[in-house]
Amino acid sequence: MSRLYALFRQLNILFKAFFHLLYPDLCIHCKRELTSKHPYLCYSCTMRLKLIKWQKQAAYNIVYQSLNPNLVIYICALYKFEESEPIQTLLHELKYRFNRGLGLHYGKELGAQYSSEKRNHPIEILVPVPVHARKKFDRGYNQSELLAKGISTTTGIPVSTKVLKKIKNTKTQTQLNKTERLLNTIGSFSVSEEIMNYKTIAIVDDVVTTGATINAICQALMQKNNNLQITIFSLALAQQE
Ligand SMILES: [Zn+2]
């Protein structure tokens, strides 16, 4: 049996090597061939990702319009968002191409960053930014849920998709300015009574740009539980003015 298994394993390795010769894994941004050390992005594209560390001030800037700016205690983001750069390709791949492995991989990276810098700051549950049920059905998945699952793998913090729901199927925000985004998101989330059981939660998003979505979520959460402390996990963060 073990001989048969060893033979199967050898054949599997050979098949994979042959398949790789025919269809090598390519960098999602520049399409150059990848090495096993750098999945999804090649070495030079990975070097173009700009790392962000814990940014308390950025967190405050993002939620400055909310009723209680002390609600958000930390933001844990991995990369600075820049147009036409590898980070934009990475976010596009995550959002529209159902690259499950990529979502989990960068979620784990976020989790590792949190674990290395958490500074006695516990989190009870991870709450992915929800998409409307119809959008989730059309797209087949929610990219923030994939990231949350990756974070959970590294940190052991459970994911809850029941606490927060998207009740308004808002139009896509890409072409909207800051004020339009705020108006677009107001009243579009509902929060379950389960939130009363928690003191510290984390919202997980793929990219935070104007902060309109995060603000709308914070306000909805605060209406149900005024003592909540929130951390924001985001793969990318746009520079705040
Ligand atoms: Zn590349």
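Nothing in this text is a laboratory measurement; each read-out follows from the coordinates by a stated rule. Predicted model, so just to flag it, every value in this text is computed and none were measured. Methodologically, a virtual Cβ is constructed for each residue, glycine included, from the backbone with ideal geometry; neighbour enumeration extends over all protein chains shown.
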Which whole-Hz ³J(HN,Hα) couplings does region 91-108 yield from phi under the Karplus relation 6.51 cos²θ - 1.76 cosθ + 1.60, θ = phi - 60°, glycine and proline marked x? 5, 5, 4, 5, 7, 10, 10, 6, 8, 4, x, 5, x, 5, 4, 6, x, 4
Report, by chain and number, residues whose modeled amide H sits under 5 Å from the one on residue 200, excluding near sequence neighbours (fewer than 5 apart, same chain). 124, 229
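How big is the equivalent ellipsoid of region 92-241 along its three axes, where each semi-axis is √(5λ) from the Cα gyration tensor, reported in whole Å from largest to smallest?
22, 19, 15
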Between residue 77 and residues 5 or more places away or on another chain, which pairs have amide H atoms under 5 Å apart, with H built 1.01 Å from N, and which residues are they? 55, 234
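Within 10 Å of each candidate Cβ there may be at most 14 other Cβ atoms; applying that plus a DSSP loop requirement, which trypsin sites (Lys or Arg not before Pro) in region 72-118 survive?
97
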Protection proxy (average C-beta count within 10 Å per residue), highest first, orders 220-227, 151-158 as 151-158, 220-227
How much length would be gained if the chain were fully extended between residue 10 and residue 132, taking 0.36 nm per residue of separation minus their Cα-Cα distance, in nm to one decimal? 39.4 nm
Residues whose built amide H sits under 5 Å from the amide H of residue 159, excluding neighbours closer than 5 in sequence, are 126
Set 135/166; 108/135; 165/224; 50/136; 95/149, cut-off 20 Å on Cα-Cα distance; pairs above it are 108/135; 50/136
